[in-house]
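Only one structure is covered here, and it is reproduced in the block below.
The values are calculated or read from the model by the stated rules, or taken from the named source; none is laboratory data. What you see is a predicted model, and the numbers here were worked out from it, not measured in a lab. Quick reminder, even Gly has a Cβ in these numbers, built from the backbone with ideal geometry, and neighbours come from all protein chains shown. What goes into the accessible areas is simple: the full protein's heavy atoms, side chains included, and nothing from ligands, DNA or RNA. Shrake-Rupley method; radii C 1.70, N 1.55, O 1.52, S 1.80 Å.
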Amino acid sequence: VLLGIFFNVHSAVLIEDVPFTEEDFKDGPERIYGLYEQVSYNCFIAAGLYALLGGFSLCQSRLNKRKEYMVR
């Protein structure tokens, strides 16, 4: 989530992680800002998937700890 926030505020430190070409610099900063926001959305989607899968994993582990599902 933090990477998504830092990409969304166009952090200069993260320029190496933005997929740009030489042509993107010719039109001004708007195209670069668009690429930053695209990477930001990808980070937010990945964080959401991590949270969803983490919650599913937590539910599965608690379900497996129940006594009626334990094999003797």
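Numbers at a glance
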read-out: Relative contact order of the chain, defined on C-alpha pairs under 8 angstrom at six or more residues apart (%); value: 36 percent
read-out: Dipole moment magnitude, nearest 20 debye, the chain about Cα centre, only Lys, Arg, Asp, Glu C-beta charged; value: 1120 debye
read-out: Angle in degrees between helix 29-64 and the longest Cα principal axis of the chain, rounded to the nearest 10; value: 0 degrees
read-out: Per-residue SASA entry for Ser61, accessible area with 1.4 Å probe, Å² rounded to 10; value: 50 Å²
read-out: Quarter of the Cα convex hull surface for the range 1-69, i.e. its orientation-mean projected area (nm²); value: 5.5 nm²
